[in-house]
Amino acid sequence: MLIRNLLIALGVAIVGVVSGVMASDLFRRSPPVAVIEVSNSSGKVIRELQLTHAQGMIQLSEIASGEIRNLAFYVPGESSYKIRVVFVDQQVLEGGAGYVQSGSKWSEIVTAKEIKSQYVGKY
């Protein structure tokens, strides 16, 4: 009888531990998106910004110099993106890191001459 009770208690403990591990894994996973932080360090107003990715496009307008915008889009695993910027003086820049993973964050710094990409890490 004692052995039977010990086996039952051990089984309950194992089920509890396994359930806890599975639940914690579910709650700590990042949603399947990527975050791109766009910083306008150009000294000029961005009239239009387009971020094109595999699932579509995000468009923003009127981004003041010094302003930072965060863009998030669905990434089921690995994907890519590109950025096109049009300033109020009609100058056009294209760039962007290109490669992106679900759960990652990239910084895109728009200067007057280029778009600089930098991996920030997981968010």
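The values are calculated or read from the model by the stated rules, or taken from the named source; none is laboratory data. Bear in mind that the values here come from a model prediction, so they are computed numbers and not experimental data. Note that we place each Cβ from the backbone using ideal geometry, even for glycine, and neighbour counts take in every protein chain shown.
Quick rundown of the values:
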{"read-out": "Given (1) assigned to a strand (DSSP E or B); (2) modelled with pLDDT under 95; (3) not hydroxyl-bearing (Ser, Thr, Tyr), number of the condition Val15 does not satisfy", "value": "(1)"}
{"read-out": "Residues within the range 62-91 that are part of a strand (DSSP E or B), closer than 22 Å to Ala34 by Cβ and not basic (Lys, Arg), tallied", "value": "13"}
{"read-out": "Enumeration of residues in the range 92-123 that are loosely packed, with under 14 Cβ neighbours inside 10 Å and in a loop (DSSP other than H, G, I, E, B)", "value": "Gly98, Ala112, Lys113, Glu114"}
{"read-out": "Whichever residue in the range 60-74 is surrounded by 12 or more Cβ atoms within 10 Å (Cβ to Cβ) and within 17 Å of Val88 (Cβ to Cβ) and, among such residues, is nearest to the chain's Cα centre (by Cα)", "value": "Arg69"}
{"read-out": "Ser39 vs. criteria assigned to a strand (DSSP E or B), under 21 Å from Val120 (Cβ atoms) and at pLDDT 80 or above", "value": "yes"}
{"read-out": "Residues of the range 40-59 classified as within 15 Å of the chain's Cα centre (by Cα) and surrounded by 14 or more Cβ atoms within 10 Å (Cβ to Cβ), total", "value": "4"}
